[in-house]
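The values are calculated or read from the model by the stated rules, or taken from the named source; none is laboratory data. Computed from a predicted model, the values in this text were never measured in an experiment. Using ideal geometry, Cβ is built from the backbone for each residue, glycine included, and neighbour counts are taken over all protein chains shown.
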Amino acid sequence: MLHRYSRWDGTQSLPDLDADDLLSAIADDVMSDGDVMQALRRLFQRGMTDPQGQRMSGLQDLLQRLRQRRQQQLNRYDLGSMLDDIKKKLDEIVKTEREGIRRESAKTQEQAERGEVSKAAQRRFDQVAAQKHGQLDQLPPDPAGRIRDLQNYEFMDADAKKMFDELLKSLQEQMLKPFMSGMQQALQNMTPEDLARLREMIQDINRMLRDRAEGREPDFQKFKDKWGQQFPGAESLDDLIEQLAQQAAQMQSLLSSMSPGQREQLEEMMRNLFGRDERLEAAMRQLAMHLSEQAPLDEMIRQYKFRGDEDVNLREAMQLMEELQQLEQLEQELKGARSPNDLDKIDPGEIEKLLGPEAAQDLERLRELIRRLVEAGYLEQKGDELELTARAIRKIGDKALRDIFTHLKRDRFGRHAVERRGAGGDRTDESKAYEFGDPFMLDLEETLMNAVRREGPGTPVRLSPADFEVYRTEFSTRAATVVMLDMSRSMLYNGCFLPAKKVALALHSLIRAQFPRDALHIVGFSLYAREFEAEQLPGLTWSDWSVGTNMHAGFLLSRQLLGRHKGGNKQVIMITDGEPTAHLEGAEADFSYPPTRRTFEETLREVHRCTREGIVINTFMLERSPMLSAFVEQMAKINRGRAFFASAERLGEYVLVDYVNAKRRRVG
C-alpha cells in the first residue's frame, strides 16, 4: 500500500472517531476516580492516541499552539519601528515640501527674467521661501513634535499638503479606533462636521456612564436609536462598555509594550493629533476615565515583549494588538473549559482565524466525543449527569482482561498442570492412547501410523483396538468465586485499589465469556463489608467508611454468598495490602491499630468456618510486611489455600492465571 504525506491545508479528511477507542481512552480514569465526567474532562484536556497511532489533540495541545503563535508574533516584529514608519513618512512630506518650494522659486525667477513678474515680487517670494525653509529647519526631530508644528504650518506644495492630510487622517483613525470601532468607515473621510458628530457621540456615552456611576438609570435605548448603527452587536450598555474596553485595552497594551521613550512620543502624538479640537480631546479623556472605573481594564491590559526586527506601521501594530488580545481571550476560554457545555461556548471560527483550520477541526472532534459515546450506547443521560451504561462497563472489563493477557507469555498457562483424567472441555493438540470412557475425539493420523508401525508398510492397513489414539481434553470444573477487595485507605494511598478493581472487572469478563456457568461475587471490605455488582466497579471510590481492614466481615459475607451455591468448587480470592485491623462484635465493627489479638482470633475463627464449608481462600498480598505475612501463613495452615505476593502492576496476571489453571487441568 502506498502512503502519500503532505502539509495540512484544511482539505484533508480524517477518519471518524471510534467510540471503542474513546471508551478505552477513559477506562483507566473512570476506574481510578469512579467519575465518568472527570474522566471525560481529562480526555478533553490531554487528547488521545488511537491504536493506529493517530493523535487527537486535546485542549492542552490547542493551548500549546496558541502560545507558540503568540511567541511567533512577538519574535517577528519590532514595535518601535512603528514610530520610525511615521517619522519616515513625515520626512518624505518635508522633503516634498522643500522640493515644491524650490520649484516655485525657480519658476518665479524664470518669470522675473521674462518680465512676467516684477523683481520686487520675486524678492518677496524668495523671502517667503526662505521663511518656509526656516520653519522646516526648526521642526522638532520627534514625530509628535513634527505633527504638532506641521498642523500649524501653511504648506506651499499641494502634494505635500495632501500627503500630510492623509497621514493625519490615518493616524486619527487609528487613535480613535479604540473608542469608535464601529465608525471605521466614517473615520476614513472625516470632515469637521464628522468630528463634531463624533464629539457629540462621545459626550452621549460619557453621560450614560456618569448616570450609572451616580446611581441613575442610563437611557441606553435612546442612545441606541441615535447611534446604534455605529456599534453593531451592542444590545445593552454592558455590551457597549465591553466593546469600548476591549479596544481601549488594545491601545493601552500597545503603549505598555513600548519603551518609555517611545511611549512618551506616541502619547504626545495622540495629544497633538486633535490639538485643533480641545473639546474632543477632553471628551475622549473623560471616556477613558469612565471606562477605567466601570470595566476591568487593568486585567485586560498586557505588556508584550517584542524581540523581532520586522517593521510595522501604526495600523499593523493595532491589528497586532487586536490579535494578541484575542489570543489572550481564547487562552482563558480554553483554560476554563471543564465540561462539554464549555466547549460549545468556544467559537470555532475564532479558533480557525487564530490557529488555523486544523485546530478548528480538533475542537470539533472534541465536541463530538460525548455524542459518539452516547450514540454507541456507552453513555446515557440521567438528569444533569452522564453515566456509563452496562454495555460500557462490559467493554471496560474486556479491555482490562486484554491488558492483563497482553503481558502474559504464551507458556504461562499449564505450568501447574495436574495429571488427571476428565471429560468435556476444549480439545488440545496432544493425543493419547484411547481408554474406556474417553471422549472419542479420534486422532486419525496417529491411529493409522500406529497400525503401520505394528504391521509394517503395505495395504490394506488393518486396525486393532490398541492402535486408536484420541486427542486430550481439558478438564473443566464449575466454580463459585468471591473476589474480596480491600478498600481501606492504604490501598487507595498506595495506588493499589485501581489495579485491584481492574482485576475484579477482568475476572468478571473472563467468566462471562469463557466460563458462563461459573458464579462470581464481588465483596469490598474496609470497616464493614458489602457486596457490589460488577457494573458498580468503575464507580467505586474512597468513602468515609474506608478505614480499617475488616477481613472478618469480608469472610463472613463471602461465606454467606457462597452458601447459596450447591456443589462445585468454592473459593475466595482476597486482594489486600495489610493485616486485619477490625472485626465484628455483633453487628458493630471494632477497629484498632495496631491490631488486637481479638481481631486476629475472630478473623481466624471465620477462616475455620469457611474451611469446614469447603471454601478455599487464596490470598494475593500487595505488601510484604512481616505482620501480614505471618497472618496469611496462619490462614494457609488452617485453610490449605495458597498465598501469593504480587506487585500492583502484575496482580492481574497472577489472579487470572491462577483462576484458569484451577479451571483447566490436562488429561493424563
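Can you give me the number of residues within segment 586-603 that are part of a helix (DSSP H, G or I), surrounded by fewer than 21 Cβ atoms within 10 Å (Cβ to Cβ) and within 50 Å of the chain's Cα centre (by Cα)?
Start the filter on segment 586-603 by keeping residues that are part of a helix (DSSP H, G or I), which leaves 597-603.
Among the residues that remain, those that are also surrounded by fewer than 21 Cβ atoms within 10 Å (Cβ to Cβ) are: 597-598, 600-601.
Next, only the ones that are within 50 Å of the chain's Cα centre (by Cα) stay: 600.
The total comes to 1.
The rows are residues; the columns are (1) under 28 Å from Leu167 (Cα atoms); (2) in the same structural domain as Glu264 (by TED's automatic domain parsing); (3) more than 60 Å from the chain's Cα centre (by Cα).
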| position | (1), (2), (3) |
| --- | --- |
| Ala106 | no, yes, yes |
| Glu113 | no, yes, yes |
| Val117 | no, yes, yes |
| Gln131 | yes, yes, yes |
| Pro141 | yes, yes, no |
| Asp149 | yes, yes, no |
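Every residue in segment 92-122 that is outside any helix (DSSP H, G or I) and either among the charged types (D, E, K, R) or exposed (fewer than 13 other Cβ atoms within 10 Å of the Cβ) (or both), please. Let's see the steps before the verdict.
Filtering segment 92-122 for residues outside any helix (DSSP H, G or I) gives 114-118.
Within segment 92-122, Arg114, Gly115, Glu116, Ser118 meet the criteria.
Restrict the check to segment 566-581 and report whether at least one residue is surrounded by fewer than 21 Cβ atoms within 10 Å (Cβ to Cβ) and among the aliphatic types (A, V, I, L, M). Spell out the reasoning first.
Step one: list which residues in segment 566-581 are surrounded by fewer than 21 Cβ atoms within 10 Å (Cβ to Cβ), which gives 566-569.
So of that shortlist, the ones also among the aliphatic types (A, V, I, L, M) come out as none.
No, segment 566-581 contains no residue that is surrounded by fewer than 21 Cβ atoms within 10 Å (Cβ to Cβ) and among the aliphatic types (A, V, I, L, M).
Mind checking which residues of segment 619-668 are part of a loop (DSSP other than H, G, I, E, B), surrounded by fewer than 18 Cβ atoms within 10 Å (Cβ to Cβ) and at pLDDT below 65?
Gly668 - this is the single residue of segment 619-668 that is part of a loop (DSSP other than H, G, I, E, B), surrounded by fewer than 18 Cβ atoms within 10 Å (Cβ to Cβ) and at pLDDT below 65.
Hey, can you tell me all the residues within segment 334-350 that are touching a residue at least 24 places away in the same chain (Cβ under 8 Å) and either closer than 13 Å to Leu62 by Cβ or in contact with a His (Cβ under 9 Å, 6 or more places away or on another chain) (or both)?
Just the residues of segment 334-350 that are touching a residue at least 24 places away in the same chain (Cβ under 8 Å), to begin with: 334-335, 337-340, 343, 350.
Of everything in segment 334-350, those that are touching a residue at least 24 places away in the same chain (Cβ under 8 Å) and either closer than 13 Å to Leu62 by Cβ or in contact with a His (Cβ under 9 Å, 6 or more places away or on another chain) (or both) turn out to be Leu334, Lys335, Ala337, Leu343, Glu350.
Which of the following residues is over 21 Å from Lys637 (Cα atoms), in contact (Cβ under 8 Å) with a residue 24 or more places away in the chain and charged (D, E, K, R): Glu579, Glu585, Glu535?
On the way: Glu579 fails: over 21 Å from Lys637 (Cα atoms); Glu585 fails: in contact (Cβ under 8 Å) with a residue 24 or more places away in the chain.
None of the other options fit; the residue is Glu535.
Could you grab the pairs with beta carbons closer than 8 Å, sequence gap of 6+ or different chains, first residue in segment 53-70 and closer than 12 Å to Glu331 by Cα, second one surrounded by fewer than 18 Cβ atoms within 10 Å (Cβ to Cβ) and among the β-branched types (Val, Ile, Thr)?
none
Tally up the residues in segment 459-493 that are assigned to a loop (DSSP other than H, G, I, E, B) and either at pLDDT 85 or above or within 30 Å of Gly548 (Cβ to Cβ) (or both), please.
From segment 459-493, those assigned to a loop (DSSP other than H, G, I, E, B) are 459-464, 468, 477-478, 487-488; that's our starting set.
With the extra rule that they be either at pLDDT 85 or above or within 30 Å of Gly548 (Cβ to Cβ) (or both), the set shrinks to 459-464, 468, 487-488.
Counting residues in segment 459-493 that are assigned to a loop (DSSP other than H, G, I, E, B) and either at pLDDT 85 or above or within 30 Å of Gly548 (Cβ to Cβ) (or both) gives 9.
Looking at Ala400, Ala359, Ala390 in this structure, which one is buried (at least 16 other Cβ atoms within 10 Å of the Cβ) and modelled with pLDDT under 80? Steps first, answer last, please.
Numbers: Ala359 fails: modelled with pLDDT under 80; Ala390 fails: buried (at least 16 other Cβ atoms within 10 Å of the Cβ).
When all the criteria are applied, what remains is Ala400.
Of the numbered conditions (1) modelled with pLDDT under 80; (2) out of contact with any strand residue (DSSP E or B) (no Cβ under 9 Å at 6 or more places or on another chain), Pro340 satisfies every one except a single condition; which is it?
Unmet for Pro340, out of (1) modelled with pLDDT under 80; (2) out of contact with any strand residue (DSSP E or B) (no Cβ under 9 Å at 6 or more places or on another chain): (2).
Going through Leu354, Leu363, Leu343 one at a time, which residue ends up being more than 27 Å from Ile241 (Cα to Cα), part of a helix (DSSP H, G or I) and within 37 Å of the chain's Cα centre (by Cα)?
On the way: Leu354 fails: more than 27 Å from Ile241 (Cα to Cα); Leu343 fails: more than 27 Å from Ile241 (Cα to Cα).
Going through Leu354, Leu363, Leu343 in turn, the sole match is Leu363.
Could you identify the single residue in Leu62, Leu43 that is at pLDDT 85 or above and at negative phi? Before you say what the answer is, go through the steps one by one.
Numbers: Leu43 fails: at pLDDT 85 or above.
Residue meeting the stated conditions: Leu62.
Rundown of residues vs (1) part of a helix (DSSP H, G or I); (2) at pLDDT 80 or above; (3) outside the structural domain of Lys87 (by TED's automatic domain parsing), yes/no style:
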position: Phe179; (1), (2), (3): no, no, no
position: Met190; (1), (2), (3): no, no, no
position: Asp194; (1), (2), (3): yes, no, no
position: Met208; (1), (2), (3): yes, yes, no
